[in-house]
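Notes follow once the structure below has been shown.
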Amino acid sequence: MKTIDSYNFAGKKAVVRVDLNVPLNPDFSVRDFTRINAVIATVKKIVADGGSAILMSHMGRPKDGFEDKFSLKHVVAPLSEKLGLEVKFGGDPIGAEADEMAANLQPGEVMLLDNLRFYKEEKKGDEEFAKKLASRGDVWVMDAFGTAHRAHASTAVIAKFVDEKVSGYVMGREVENAKKITENPQRPFTAIMGGAKVSDKILLIERIMEVADNIIIGGGMAYTFFKAQGGTIGNSLCEEDKLDLALELIEKAKAKGVNLVLPVDSVCGDKFGEDAAVASYDSNAIADGYMGLDIGPKAAEEFSKIIKESKSILWNGPMGVSEWENFANGTTTVATAVAEATEAGAFSLIGGGDSAAAVNTLGFGDRVSYISTGGGAMLELMEGKVLPGIAALED
Ligand code: 3PG
Ligand code: MG
């Protein structure tokens, strides 16, 4: 696989797939800059070499053609500002205006196409669409790690229609950091899993069991484990069809000598709402009408202790509904412990998506080792799957 460092872009036009699928506020300002910040180095390198860049991305999941709220025009100004140069907006990704702009693009210039998913061809991996995107450049740079688990026209299929292809800095960084966890991690290695569903994380839990010393489980998915062991969980989230699987995971952990830790207590609400009445229970004895919405204080303390003794930490998924003040303590406590462990020399990787958002919102972004730009993509990479966007870069 050719990497960006080994390529000289002088006089070349680069067609660059980035992931600028960033969350926007109601006024269309950017809410989280992680993905914008991530691509700056790649674009700067192309420009510094004397090349030009045609950037392309998707944003959200538009249903049927152009929709203003999914337009990448909203990221042109913040991207220009971070780059320190004016990014031209090409509009319709396969339109005549974009063709002309790309044809006239001068060394040192950067343009951005509008949302590729305004065309169904993108997700379908349509060859004509991919060919069209490829035709404007001399080289394809793949740097959309967050979308590398999709076999779409611009993330994978396009590779067939370019003479040269290289991976960008984001791709390199993400893969390198993932390896620090999946290959010979410093010990003890603790994986912290959260989020609503066990079913989303089964493969990761199974894979990580091969390397982890501790697996901490929080978030909504913990209650499936308590129910499976005969606990009473009130109205807490539960995947009834995953009860056997939860027991199997517990057994497997035992057999492998992995310390699988569930939250002994929970902060519960009498409804799924920010203003729910709050009560604490042991997680296997939750009162009727209540549901676990955060790990409890005893669990938070136990988790903290394990985390602070760790040398490698992987965190994927919040411990509770961290956007609501009454149910944020578990996630904040865990974030604090991860930050302190990192400051004491541990390597900490935060899987993208919800956990990255929580870590940034709570203000711990600068106190962990690495925050991934990929949610699903990082999950699949860690599960050991081959990502189509990476496979496409190989010969
Ligand atoms: C993401 O945010 O998950 C990536 O940008 C990929 O988007 P998708 O999940 O809609 O394919
Ligand atoms: Mg996704």
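None of the figures in this text is laboratory data; all of them are computed from the coordinates on show. The structure presented is a predicted model; accordingly, all values stated were derived computationally and were not measured. All Cβ positions, even for glycine, are placed from backbone atoms using ideal geometry, and neighbour counts span all protein chains on display.
Structure summary
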read-out: Label-to-label distance, nm, for residues given as E248 and K179 (7 Å Cα→Cβ offset); value: 3.2 nm
read-out: Only Lys, Arg (+1) and Asp, Glu (-1) charged, at Cβ; the chain dipole about Cα centre in debye; value: 800 debye
read-out: Surface/4 estimate of mean projected area, convex hull on alpha-carbon atoms of the range 41-156, nm²; value: 6.8 nm²
read-out: A344/A103 FRET efficiency (R0 56 Å; Cβ-Cβ; nearest 0.05); value: 0.55
read-out: Relative packing of peptides 69-76, 333-340 - highest average C-beta neighbours within 10 Å first; value: 333-340, 69-76
read-out: Choice from G51, G218, G231 showing the highest fluctuation, given a GNM over the chain with Cα pairs closer than 10 Å; value: G231
read-out: Selection from W315, S167, A346, by position along the positive dipole direction of the chain (Cβ); value: S167
read-out: The range 1-99 - convex hull of alpha carbons, volume per residue in Å³; value: 120 Å³
read-out: The range 47-109 versus the range 257-317: alpha-carbon centroid distance in Å; value: 44 Å
read-out: Computed log₁₀ I(q)/I(0) - Debye formula, equal Cα scatterers, no solvent, the range 311-395, q 0.26 Å⁻¹; value: -1.22
read-out: Over the chain: helical MRE at 222 nm, DSSP H runs n ≥ 4 each giving -39500 (n - 2.57), nearest 500; value: -10000 deg cm²/dmol
read-out: Reference-scaled alpha-carbon Rg (2.2 N^0.38 Å with N residues) for the range 279-321; value: 1.39
read-out: Debye intensity ratio in log₁₀ form over the Cα atoms of the range 94-139, taken at each q of 0.16, 0.33 Å⁻¹; value: -0.46, -1.33
read-out: Inter-site label distance for D163 and Q229 at 7 Å from Cα along Cβ, in nm; value: 6.2 nm
read-out: Compactness relative to 2.2 N^0.38 Å, alpha carbon Rg of the chain; value: 1.05
read-out: Among E380, E174, E274, residue whose mean-square fluctuation peaks in a GNM of the chain (springs only between Cα atoms under 10 Å); value: E274
read-out: Difference of contour (0.36 nm per residue) and Cα-Cα distance, S29 to Y370; value: 120.3 nm
read-out: Relative counts (whole %) of C-alpha pair distances in the range 230-298, using bins that are 10 Å wide; value: 21, 43, 29, 8, 0
read-out: Projected label distance in nm at T3 and A96, using a 7 Å step from Cα toward the beta-carbon; value: 4.4 nm
read-out: Gaussian network model of the chain, springs between alpha carbon atoms under 10 Å - residue of L83, L379, L116 with greatest fluctuation; value: L83
read-out: Reach of K12 by Cα under 20 Å, taken over aspartates and glutamates that are not fewer than 8 positions away in the same chain; value: D49, E86, D99, E100, E109, D138, D143, D163, E164
read-out: Sequence-separation-based contact order of the chain, relative, with Cα cut under 8 Å and 6+ spacing, percent; value: 15 percent
